[in-house]
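These notes concern the structure reproduced below.
Just so you know, all these numbers are worked out from the coordinates, no wet-lab data involved. None of these values were measured; they are calculated from a predicted model. Glycine gets a Cβ as well: all are built from the backbone with ideal geometry, and neighbour counts include every protein chain shown.
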Amino acid sequence: MLAATAASAESRPGAPGTKQLPLWELGVGVAALRLPDYRGSDQATDYALPLPYFVYRGQWLRADREGARAVLFDTQHLEVDLSLAAAAPARHNAAREGMADLALRVEFGPSANIEFWRSDDRSHKAELRAPVRAAVALEHPPRGVGWTFNPNLNLDLRGIGGGWDLGLESGAVFGDRRFHSYLYGVAASEATAQRPAFEARAGYAGWLARAGVSRHFERTWVGAFIRYDSVRGAVFAPSPLVKSEQNWTLGLGVSWILSVSDRLVAADR
């Protein structure tokens, strides 16, 4: 999530507002995070983690404030890419006592991003993004645990307040039966007097809103984000594993840029 607030790097040679920037930047830092065990949990975990900093401004491979992705198709108003996301493991959760822990999870898949507004200087833009991702639990061995779909509106404002970048995002969340079963299903063998069996189904999984702010100094990057999740009305809301209809996720990080490419490319920022 912090990586999603890193410096933007869209490579559109010759476009208004572009400048010559290093092809890549590499650094390291630290991050502090507070993450709910899962959407709908009433427990959260605090993390202090190393924060790798990597920006790549390639034509087809990019790692920037919009995430790490491979661009498959790119026009003036439409980009199709392969994107990546991740979710922390959940261990020692009281609602899941006697059940298997939730493993570290990675999600990847295509996203269609439709730009419907951009300022004349290309510093601000609004997009509709529609990522579809397959989820894989990193167990022994790794196994697929379903699919997610998160259409959202994204507003990206760069260079405000003296050089800060601000990203705002909000949208609905959907999942298939297998994904919801992994997170919220309770088998008959796992049921107790306080935790009845529950069979999850596919459909609406609530909505989320996120705000992230970052600033790129000469050799330092700082960023922070806040995310709000609601599972009110979700198809799995009756699950005994849903203990809260809303969650807050927070993060703060700082990275020091140690090395940059000698090769320059045209990029927005």
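Under the 0.36 nm per residue contour assumption, what length would be gained going from the current alpha-carbon distance of TYR204 and ARG34 to full extension?
58.7 nm
In terms of surrounding Cβ atoms within a 10 Å radius of their Cβ, SER214, SER230 rank from fewest to most as SER230, SER214. Qualifying GluC sites (Glu not before Pro) in the stretch 190-263, where qualification requires a DSSP coil assignment and no more than 10 other C-beta atoms within 10 Å, comprise GLU218. Net length available on complete extension from ARG219 to VAL106 is 37.7 nm, with 0.36 nm assigned per residue and the Cα-Cα distance removed. Residues whose amide H comes within less than 5 Å of that of LEU104, counting only those at least five positions distant or on another chain, are LEU138 (H built at 1.01 Å from N in the peptide plane). A crude spin-label estimate for the pair ILE114 and PHE54, with each label 7 Å from Cα along the Cβ direction, gives 3.2 nm. Computed from the C-beta positions of ALA172 and SER261, the FRET efficiency with R₀ = 41 Å rounds to 0.60.
Which stretch or stretches of the stretch 38-56 have amide N atoms under 17 Å from the point lying 7 Å from LEU250's Cα along the Cα→Cβ direction? From the stretch 38-56, the list is 42-49.
Which shape class applies to the stretch 3-253: rounded if a/c is under 1.5, otherwise prolate when a/b exceeds b/c and oblate if not, where a ≥ b ≥ c are the square roots of the Cα gyration tensor eigenvalues? Cα axes put the stretch 3-253 in the prolate bin.
Explain nothing, just the number: dipole magnitude of the stretch 3-253 about its Cα centre with +1 on each Lys and Arg Cβ and -1 on each Asp and Glu Cβ, in debye rounded to the nearest 20. Intermediate results must be reported in sequence, preceding the final value.
On the way: 28 positive and 27 negative charges, 13 e Å.
Rounded to the nearest 20 debye, it is 60 debye.
Among ALA135, ALA86, ALA200, the residue with the largest mean-square fluctuation in a Gaussian network model of the chain, with springs joining Cα atoms closer than 10 Å, is ALA86. Residues whose amide H falls under 5 Å from that of SER239, counting only those 5 or more places apart or on a different chain, are absent, with hydrogens built in the peptide plane.
Counted by neighbouring Cβ atoms within 10 Å, the residues ILE226, ILE160 run from fewest to most as ILE160, ILE226. Under a Gaussian network description of the chain, with springs only between Cα atoms under 10 Å, the residue in GLY253, GLY98, GLY162 that fluctuates furthest is GLY162. Computed over the chain with a Gaussian network model linking Cα atoms closer than 10 Å, the most mobile of PRO110, PRO196, PRO36 is PRO196. Using the average count of surrounding beta-carbon atoms within 10 Å as a protection proxy, the listed peptides 180-188, 24-32, 254-262 rank, highest first, as 180-188, 24-32, 254-262.
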